[in-house]
Amino acid sequence: MPLKPICSKIDLPVVTAQDVLRIFEFGVSLDDRPLGHYKYELHQRDLGDYLFYIGAIFPEYFRPLQEAVVTLSDTQLGHFAFCTFETWLSLLHGAPDTCVDHLARRLSDVSASSDILALVLQDMLAAICTPTALQALAEHARQSGSTDDVANLGFWIPPDNAPAIPRFTVERQAAQFQPFNGPLDELISRPHPVGLPVVTVMADPEQQLVTWHYCSFSLEVIAGLPRLGISRLHLVSPPLFDEWTMYCDLVAGGRYEHPTLSPSTKADAEEMQDLRLTASERRDAGRGELVLLPFDDRLVYSNGHVEQTPGVVGTVGGPPIGLYPNPRCSSCDKLMFHVTTLTNGARQYGDGFRSLFVCEGCERAACHATAWN
């Protein structure tokens with residue numbers, strides 16, 4: 001089985017709907033008193049992996065349990081604290097309005113001291129993504145002052161009383177790196193090439209800010225993205241290793257122009273010059289392509305991600321990481337649409353996550369670097 005719980009404290013089969021019910025009941029019955037605090041957390045972490053796997057492979061088996069999970073007691077719901085928003089999105093997406101009503105009431109009643117419980121309930125409400133749920137999420141975010149937390153999940157809260165707007169695709173795919181040693185022209189023609197010369201993706205061959213190409217993405221094979229006037233987006237880097245955000249305008253032919261760093265990016269001129277030289281020296285290293293794989297039994301599910309699968313370096317589609325602020329468009333200030341998040345292992349440069357966002361209204365991309373979580 002491709003499920004590898006991070007702590008290896010739970011060993012239950014996951015094949016049938018009855019298996020999923022048994023795992024859910026196991027989670028409900030967890031109790032930290034007989035297990036002890038440390039062992040209790042290990043079981044929680046493994047439960048999070050089990051539900052991550054169920055959400056990817058058997059979401060239909062969990063649908064009969066949607067109302068049961070939102071009505072768990074505060075203590076019981078705490079057993080599921082290691083379920084990420086991505087997991088809840090798979091398990092609760094499209095849940096009935098009775099679930100929305102119950103979660104909204106619980107959020108309005110939760111005490112200010114119950115921060116963890118409030119975050120779990122908020123994640124669950126956001127994961128439903130129906131019109132009723134999006135309206136309730138927006139109202140909760142405005143009333144509680146949690147609009148930044150909701151934006152980190154990938155939801156834009158408009159300035160009026162409109163419902164929340166998801167800025168990500170529900171469908172996700174794993175990005176698997178495969179080396180490529182053929183001619184450059186052939187690599188350029190592949191759907192998702194890694195390691196192209198910067199001059200092939202930038203409109204101005206003399207520009208100095210973009211020095212590294214991670215990957216380009218053919219938009220035709222990624223479902224759910226906003227409609228754009230180009231066929232490709234590029235994840236590229238400035239000569240920086242740490243956290244940064246860089247904006248680029250999209251131009252005809254699928255290239256970028258006018259790259260600029262966000263005002264919050266810290267950039268040392270001497271360091272940038274050194275890294276320009278580093279990028280130049282390594283410009284031919286790590287070339288290849290990304291192959292997009294569905295979330296199925298070919299992947300390894302562990303520690304809330306699939307990056308233990310050989311060659312997998314991140315995901316395309318789905319929500320953003322959720323632990324860091326996501327970029328807003330430097331022109332219109334709208335939360336940008338998440339396209340992909342890869343590790344720097346996609347093509348070794350820097351250290352941490354590398355994400356790509358787009359604003360369809362302004363035809364602007366944002367490449368975004370964050371540290372490991």
List the pairs whose first member sits in region 272-284 and is within 22 Å of Thr260 (Cβ to Cβ), whose second member is aliphatic (A, V, I, L, M), and whose Cβ atoms are under 9 Å apart, counting only residues at least 6 apart or on separate chains?
Met272/Leu209; Met272/Leu240; Leu275/Leu240; Ala279/Val198
Residue list for region 225-257, restricted to those being loosely packed, with under 14 Cβ neighbours inside 10 Å and under 20 Å from Glu206 (Cβ atoms):
Ala252, Gly253, Glu257
Hey, among the residues in region 130-157 that are assigned to a loop (DSSP other than H, G, I, E, B) and at pLDDT below 95, which one's farthest from Val306 (Cα to Cα)?
Gly145
Might you let me know whether region 359-369 holds any residue that is part of a loop (DSSP other than H, G, I, E, B), surrounded by fewer than 21 Cβ atoms within 10 Å (Cβ to Cβ), of a type in the set (A, V, I, L, M, F, W, C) and not assigned by TED's automatic domain parsing to the domain that holds Ala81?
yes
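So that you can scan it fast, the table gives a plain yes or no per residue for (1) of a type in the set (Val, Ile, Thr); (2) more than 11 Å from the chain's Cα centre (by Cα); (3) modelled with pLDDT under 95:
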| site | (1), (2), (3) |
| --- | --- |
| Leu290 | no, yes, no |
| Pro294 | no, yes, no |
| Val300 | yes, yes, no |
| Val312 | yes, yes, no |
| Thr340 | yes, no, no |
| Ser355 | no, no, no |
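Determine, yes or no, whether Leu293 is out of contact with any Leu (no Cβ under 6 Å at 6 or more places or on another chain), in contact (Cβ under 8 Å) with a residue 40 or more places away in the chain, assigned to a strand (DSSP E or B) and closer than 24 Å to Thr211 by Cβ. Steps first, please.
On the way: out of contact with any Leu (no Cβ under 6 Å at 6 or more places or on another chain): yes; in contact (Cβ under 8 Å) with a residue 40 or more places away in the chain: yes; assigned to a strand (DSSP E or B): yes; closer than 24 Å to Thr211 by Cβ: no.
Here the answer is no, as Leu293 does not meet what is asked.
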Out of region 158-189, which residues are surrounded by fewer than 18 Cβ atoms within 10 Å (Cβ to Cβ) and within 22 Å of Phe295 (Cα to Cα)?
Val170, Glu171, Gln178, Pro179
Test: residue in region 48-57 that is surrounded by 23 or more Cβ atoms within 10 Å (Cβ to Cβ), among the charged types (D, E, K, R) and within 25 Å of Asp297 (Cα to Cα)
yes
Residues that are in contact (Cβ under 8 Å) with a residue 24 or more places away in the chain and either more than 22 Å from Tyr53 (Cα to Cα) or in contact with a Pro (Cβ under 8 Å, 6 or more places away or on another chain) (or both), drawn from region 158-171:
Ala162, Pro163, Ala164, Ile165, Pro166, Arg167, Phe168
Return the pair list, or none, for Cβ contacts closer than 7 Å from residues in region 68-94 that are on the phi > 0 side of the Ramachandran plot and surrounded by 20 or more Cβ atoms within 10 Å (Cβ to Cβ) to residues that are part of a helix (DSSP H, G or I) and modelled with pLDDT of 95 or more, at least 6 apart or on different chains.
none
Only listed residue being of a type outside the set (D, E, K, R) and within 27 Å of the chain's Cα centre (by Cα), chosen from Leu30, Leu21, Leu12, Leu47
Leu47
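The values are calculated or read from the model by the stated rules, or taken from the named source; none is laboratory data. Bear in mind the structure is a predicted one, so any value in this text is a computation, not a measurement. Because the Cβ atoms are built from the backbone with ideal geometry, glycine has one as well, and the counts that use them run over all protein chains shown.
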